[in-house]
Every structure is written in structure tokens, then in C-alpha cells.
Amino acid sequence: MDNFKQWIPQTIEILREQSGQTQSELADKCGFASTSTISHFETGARTPSIKVLDKIFAALGVDLTISFTPQKSFKSECVWVRRSVFRRLREVVAELPDGEIDQS
């Protein structure tokens, strides 16, 4: 679970930056009252629920369709979410010109 909580902030920030949106623009698209909501998610100060994460990813153009069923564990759902987002990240990175990724 800790790895998932560390992965969320990085993923939100990377996808937001790749989409060219500011924190304010993303907050507006998600219907959040404050830009600080996105900032808190990106720094890990707060962890979004799956429903809020779905709203954020939708605003970033990432499909995060999750259905929780009694047969599936939370861990398997997290793995599925991670794979879906990494698939989208690979697509975004593949579209970038050479040398445009900050490796720091």
C-alpha cells in the first residue's frame, strides 16, 4: 500500500505536466474549489480516493475504469490501475520529441 501511495503523487504530477496543464487548470477541470487540492495530491500530503483519482485521470485524458468486486483484492486493483496508467505514460512519452524528458 505504501508503494501505491508514493506512486500516486508522482503519476498525477507527471501526467499533469505532460498534458501542459497547471495545477489551477487541472483543479478547475476536476471541479475542485482550490488549486491546493491538486498540490496536496502531488506532494503526497493527501491521498485521493479512487473516485477522485478517476476524476483527475479523466481530466488528464487517462482512462481509469475500475470496478471493485468481492473476488478482487485491493492489491490486484492497484496493480491494474498502475498498469493502465503506465500504459498511458508510455504513449505520452512516445509522442515526445527526443531529449524532451527531464531525467532528474
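Report the trypsin sites (Lys or Arg not before Pro) located in region 2-66 that are in a DSSP loop and have at most 16 other Cβ atoms inside 10 Å of their Cβ, or state none.
On the way: sites: Lys5, Arg16, Lys29, Arg46, Lys51, Lys55; in loops: Arg46.
Hits after loop and neighbour filter: Arg46.
How much length, in nm to one decimal, is gained on full extension between Thr22 and Thr35, taken as 0.36 nm per residue of separation minus their Cα-Cα distance?
Value of the extension gain: 3.8 nm.
Where Lys and Arg each count +1 and Asp and Glu each count -1, what net charge lies around Asp28 among other residues with Cβ under 14 Å from its Cβ? Walk me through the intermediate numbers first.
Details: positive: Arg16, Lys29, Lys55; negative: Glu25.
Net local charge, Asp28 excluded: +2.
Here, each number is a calculation from the coordinates, and none is a lab measurement. Just so you know, these numbers come straight off a predicted model, no measurement behind them. Cβ sites come from the backbone with ideal geometry, for glycine too, and all protein chains shown count toward neighbours.
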